[in-house]
């Protein structure tokens, strides 16, 4: 969990501390919100959840690049 949270913060995401759903929620203007818990990672858009990933940093990075949610020159 620590590695994924650090990755998101390094790349400009801010944690939403008001959400109490069992997920830690990270947002960045112009892209989808990312909800993380110990079992999965969920990308949330304006119309709801649109991608569910296993709890794996490499799956997250690949999905973010593939769906143009993060720049190719991301920080790791």
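Quick notes
- Strands (runs of 3 or more DSSP E) completely within the stretch 1-66 that count 1 or more residues being out of contact with any strand residue (DSSP E or B) (no Cβ under 7 Å at 6 or more places or on another chain) and touching a residue at least 12 places away in the same chain (Cβ under 8 Å): 40-45
- Residue 75 fulfils the conditions (1) under 10 Å from the mean Cα position of the chain (by Cα); (2) touching a residue at least 40 places away in the same chain (Cβ under 8 Å) except for a single criterion, (1).
- Test: residue 32 is buried (at least 18 other Cβ atoms within 10 Å of the Cβ), at pLDDT 95 or above and over 16 Å from residue 70 (Cβ atoms): no
- Selection from the stretch 1-23 of residues that are buried (at least 16 other Cβ atoms within 10 Å of the Cβ) and at pLDDT below 95: 23
- Residue check for residue 69: modelled with pLDDT of 95 or more and assigned to a loop (DSSP other than H, G, I, E, B): yes
The values are calculated or read from the model by the stated rules, or taken from the named source; none is laboratory data. This is a predicted model, so every value here is computed, not measured. Counting neighbours? That spans all protein chains shown, and the Cβs are built from the backbone with ideal geometry, glycine included.
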